[in-house]
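Since the structure comes first, as structure tokens, the remarks are kept for the end.
The values are calculated or read from the model by the stated rules, or taken from the named source; none is laboratory data. Because the structure is a prediction, the values reported are computed rather than measured. Here the Cβ is made from the backbone with ideal geometry for all residues, glycine too, and neighbour counts use every protein chain on show.
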Amino acid sequence: MFNVGGTSELVFRYVGWAYIPQHATRICMNILYGNILRRPAPQVGTEEYMRVWRRTYAFVILSYLGYNLFTAAQAEPPNYYQLLGVNLDADENQLKGAFRNFARKNHPDKVGIAGTDLFAKVRDAYDALRNPVKRFAYDRFGPASFDFERVITEDEYMHAGLLQIVAFYVVSLFFMVVYGVLGDSDSGAIVCSSRSQRANRSFANVDFLLVALSSLLLPPRLRT
């Protein structure tokens, strides 16, 4: 019942947050001073360097977060309601009418073998949504709820779904704590003074908070 694929995706995302922003900030600063401003960069540890680093780092972080959100949104396939072309509050008659209209136009006997996969997906969507208990589970936990074992009633689906969500966030919390501890060490970006070391730890804390936000906004695809 535990989502291994979602956990692997989470680990890779944390690794990305741990290493990509720092390196990307250095690259951006090199481009800024070497190709755009065409003048020497401020000396590491100076007030000007700190100011430019903070602004560049903030830009990189926001850009990377936006990229994660965009790619996650693009990867989401249509949900069952979208496949059938009905609203979320569609009743049984509306579901039946939508499926009949789809089958009339897109049955494999009419469109050929190329339409088999789509027809199977829409048929599965119809079968799930017309079952009140399965629809209850799908509305809350997505198609992953159909893989829950030994569940029949709404209460059993709810219990199994909450266990899966709790397991995911326990793993998330573990990696956030580990990353928070590792983030307290200097990463090498700014190490020339005690002030720059404190700043570097503050950047690690920013990473830590954004990783938490990322895991909340981009959980495993329990919904499609």
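Residues that are farther than 29 Å from Asp155 by Cβ and without any contact (Cβ under 8 Å) to a residue 60 or more places away in the chain: does region 84-97 have at least one?
The answer is yes; a qualifying residue exists.
Yes or no: region 103-117 includes at least one residue that is without any contact (Cβ under 8 Å) to a residue 40 or more places away in the chain and in contact with a Pro (Cβ under 6 Å, 6 or more places away or on another chain).
Looking through region 103-117, at least one residue is without any contact (Cβ under 8 Å) to a residue 40 or more places away in the chain and in contact with a Pro (Cβ under 6 Å, 6 or more places away or on another chain).
Would you confirm whether any residue within region 85-93 is part of a helix (DSSP H, G or I) and of a type in the set (A, V, I, L, M)?
No; the residues of region 85-93 include none that is part of a helix (DSSP H, G or I) and of a type in the set (A, V, I, L, M).
For residues that are under 20 Å from Tyr138 (Cβ atoms) and touching a helix residue (DSSP H, G or I) at 6+ places or on another chain (Cβ under 8 Å), tally how many sit in region 166-176.
Number of matching residues: 1.
Could you please give the count of residues in region 90-132 that are of a type in the set (A, V, I, L, M, F, W, C) and surrounded by fewer than 16 Cβ atoms within 10 Å (Cβ to Cβ)?
Result for region 90-132: 5.
With respect to Glu48, is the statement that it is under 30 Å from Gln22 (Cα atoms), more than 26 Å from the chain's Cα centre (by Cα) and of a type outside the set (S, T, N, Q) true?
yes
Taking region 51-78, which residues are more than 30 Å from Phe119 (Cα to Cα), surrounded by fewer than 15 Cβ atoms within 10 Å (Cβ to Cβ) and either hydroxyl-bearing (Ser, Thr, Tyr) or over 16 Å from the mean Cα position of the chain (by Cα) (or both)?
Selection gives Arg51, Arg55, Ala58, Phe59, Ser63, Tyr67.
Exactly one of these conditions fails for Leu84: (1) farther than 23 Å from Phe141 by Cβ; (2) modelled with pLDDT of 90 or more; (3) assigned by TED's automatic domain parsing to the domain that holds Pro143. Give me its number.
Among (1) farther than 23 Å from Phe141 by Cβ; (2) modelled with pLDDT of 90 or more; (3) assigned by TED's automatic domain parsing to the domain that holds Pro143, the lone unmet condition for Leu84 is (1).
If only one of Ile61, Ile36 is over 30 Å from Val122 (Cα atoms) and touching a residue at least 60 places away in the same chain (Cβ under 8 Å), which one is it?
Result of the check over Ile61, Ile36: Ile61.
Go through (1) within 30 Å of Lys134 (Cβ to Cβ); (2) without any contact (Cβ under 8 Å) to a residue 40 or more places away in the chain; (3) surrounded by 16 or more Cβ atoms within 10 Å (Cβ to Cβ) for Tyr81 and report which single condition fails.
Answer for Tyr81: the failing condition is (2).
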